[in-house]
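The values are calculated or read from the model by the stated rules, or taken from the named source; none is laboratory data. For clarity, every value in this text was computed on a predicted model and none was experimentally measured. Quick reminder, even Gly has a Cβ in these numbers, built from the backbone with ideal geometry, and neighbours come from all protein chains shown. All accessible areas refer to the heavy atoms of the entire protein, side chains included, with ligands and DNA or RNA removed. Shrake-Rupley method; radii C 1.70, N 1.55, O 1.52, S 1.80 Å.
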Amino acid sequence: MARTAGSRNQDFDEARADLAERIAAHMLSPGGVGASLRELAAAAGVTPPTLRHYFGDRAGALAAAFAQRHAEGEPYLALVRRAPDRPVAEALPALLHFVVQGLRAGVARQLVVGLADGSREPVVGTACVTECLEPVLSAVEARLAHHAARGELRVPDVRAAALALVSPVALAVLHQDALGGDRVRPLDLAAFIATLSDGFLRGHAVAAASRPGAHRRRLAGQPGRKGRGR
């Protein structure tokens with residue numbers, strides 16, 4: 001019996017998603033940068049015409065791979081976007097360490113592909129920005145906005161603030177990992193993050209005493225305060 005149109009569409013979407021996942025895995029491998037359509041097809045276990053059928057061309061295949069990686073990373077981005085449960089002085093270094101984990105889990109490799117291929121393939125460059133770079137920046141923006149709403153940070157432009165935090169961390173990971181900087185000039189990333197966080201907080205943190213209600217909260221949190229008042 002012939003399949004319905006909806007069934008054919010579902011089969012197409014499922015097959016396309018499976019191929020995008022295989023291409024994404026190859027994109028993160030040592031041979032992922034500059035891979036030809038034929039090489040991408042071989043990595044996906046299909047022929048070049050099959051890839052053209054599902055993605056149109058090489059750029060379309062890579063763009064789909066970026067979108068696939070974004071979908072896989074969305075649960076982790078949601079963790080970044082949520083309201084923090086710690087003061088900003090503790091939450092900010094922890095956030096940057098989490099960003100480092102994400103970079104080393106594949107985001108940095110995507111940036112390498114985006115920089116190498118996106119410079120000559122606008123579709124790939126746009127996909128790298130919209131599916132890889134901007135989601136990370138937007139998530140950090142959301143986190144900083146939470147701290148600002150709680151009166152812990154003064155950040156007139158959260159986008160600029162997110163760029164100021166993520167850019168040096170991304171460059172440090174690319175320097176150490178993708179470019180082999182760990183062999184040329186090793187960097188203590190933990191110390192680097194501590195220094196970066198401290199500088200950011202000195203520039204943007206609001207003194208605890210100046211936050212609305214901070215004085216009352218501080219008094220309420222001091223042990224023995226009631227006993228001394230009796």
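Condition (residue is open to solvent by less than 70 Å² (accessible area, probe 1.4 Å) and in contact (Cβ under 8 Å) with a residue 40 or more places away in the chain) applied to region 39-50: is it met by at least one residue?
Within region 39-50 (the criterion being open to solvent by less than 70 Å² (accessible area, probe 1.4 Å) and in contact (Cβ under 8 Å) with a residue 40 or more places away in the chain), the answer is no, since none of the residues qualifies.
Just one of the numbered conditions (1) in contact with a helix residue (DSSP H, G or I) (Cβ under 8 Å, 6 or more places away or on another chain); (2) more than 26 Å from Gln176 (Cβ to Cβ); (3) buried (at least 16 other Cβ atoms within 10 Å of the Cβ) is not true of Gly118; which one?
The number of the failed condition is (2).
Quick one: in region 140-195, of everything that is polar (S, T, N, Q) and more than 16 Å from the chain's Cα centre (by Cα), which residue is surrounded by the fewest Cβ atoms within 10 Å (Cβ to Cβ)?
Going through region 140-195, the residues polar (S, T, N, Q) turn out to be 167, 176, 195.
Applying the additional criterion that residues be more than 16 Å from the chain's Cα centre (by Cα) yields 176, 195.
On the way: Gln176: 21, Thr195: 12.
Among residues in region 140-195 that are polar (S, T, N, Q) and more than 16 Å from the chain's Cα centre (by Cα), the one surrounded by the fewest Cβ atoms within 10 Å (Cβ to Cβ) is Thr195.
Report, by residue number, each residue of region 80-91 that is open to solvent by less than 70 Å² (accessible area, probe 1.4 Å) and not in a loop (DSSP other than H, G, I, E, B).
Val80, Val88, Ala89, Ala91
Among the numbered criteria (1) surrounded by 18 or more Cβ atoms within 10 Å (Cβ to Cβ); (2) assigned to a helix (DSSP H, G or I), which single criterion is violated by Asn9?
(1)
Being under 15 Å from Val136 (Cα atoms), over 11 Å from the mean Cα position of the chain (by Cα), of a type in the set (D, E, K, R) and open to solvent by 60 Å² or more (accessible area, probe 1.4 Å) is the requirement here; does Glu72 meet it?
Answer is yes for this residue.
Are there any pairs, at least 6 apart or on different chains, whose C-beta atoms fall under 9 Å, with the first in region 71-94 and of a type in the set (Ser, Thr, Tyr) and the second part of a helix (DSSP H, G or I), and if so, which?
Qualifying pairs under 9 Å: Tyr76/Phe98; Tyr76/Gln101; Tyr76/Gly102; Tyr76/Ala105; Tyr76/Ala139.
State whether the residues of region 98-105 include one that is open to solvent by less than 70 Å² (accessible area, probe 1.4 Å), modelled with pLDDT of 95 or more and not hydrophobic (A, V, I, L, M, F, W, C).
Scanning region 98-105, I find at least one residue that is open to solvent by less than 70 Å² (accessible area, probe 1.4 Å), modelled with pLDDT of 95 or more and not hydrophobic (A, V, I, L, M, F, W, C), so the answer is yes.
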